[in-house]
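Just so it is clear, none of the values below were taken in a lab; they were calculated from the coordinates. On a predicted model such as this, the values are computed, not experimentally measured, just so you know. Here the Cβ is made from the backbone with ideal geometry for all residues, glycine too, and neighbour counts use every protein chain on show.
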Amino acid sequence: MAMTSAVDTKLLLTLEFPPDNITRDKARSFVQKELVNGMILPSIVLGEFLKIAGSKIGIQGAIRTINVLKERGAKVKSIDEELALGAGRLLLKHRDVPFADSLVAAFASIGTVDYILSDDPHFTALGIRTKWL
């Protein structure tokens, strides 16, 4: 069964460091709804999140955030050959998109998920459906 969504780093950062209480509540509610439908945590997103959040809340704090999502049903998926080739195909047409974004977008372009949980304009430029708070 295909999962519905893949998480972009922006969502994890918004969950961990919301700019205000309203955004915090929206992000939590949004994630809860998406978990019910099936959510993938791309392995590259975990690395990006650890790099950014780990410098602010420590490695254990960042890993705790990831583990809570896993405990609630999110599935980690590593970048495999099919995803890497999908990302490369996207980059052939959109050379200015960051490589990490193309890898996340590949989850949707090859049909592993229906959309990406992000408001990053790179996904729209790649023709990938997104969903946000």
Residue among ASP101, ASP96, ASP80, ASP114 that alone is out of contact with any helix residue (DSSP H, G or I) (no Cβ under 9 Å at 6 or more places or on another chain), among the charged types (D, E, K, R) and closer than 20 Å to ILE128 by Cα: ASP80
Qualifying residue in the range 39-49 (condition: among the hydrophobic types (A, V, I, L, M, F, W, C), within 20 Å of GLY127 (Cβ to Cβ), buried (at least 16 other Cβ atoms within 10 Å of the Cβ) and touching a Pro at 6+ places or on another chain (Cβ under 9 Å)): no
Residues (of a type in the set (Phe, Trp, Tyr) and in contact (Cβ under 8 Å) with a residue 60 or more places away in the chain) located in the range 15-30: PHE30
Residue list for the range 93-114, restricted to those being surrounded by fewer than 15 Cβ atoms within 10 Å (Cβ to Cβ) and within 15 Å of VAL45 (Cβ to Cβ): PRO98, PHE99
Residue within the range 73-83 that is more than 17 Å from the chain's Cα centre (by Cα), outside any helix (DSSP H, G or I), surrounded by fewer than 18 Cβ atoms within 10 Å (Cβ to Cβ) and not aromatic (Phe, Trp, Tyr) present: no
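Pick out the one residue from SER43, SER78 that is of a type in the set (Ser, Thr, Tyr), closer than 21 Å to GLN32 by Cα and touching a Ser or Thr at 6+ places or on another chain (Cβ under 8 Å). Don't jump to the end; show me each part of the working.
Working: SER78 fails: closer than 21 Å to GLN32 by Cα.
Answer to the selection: SER43.
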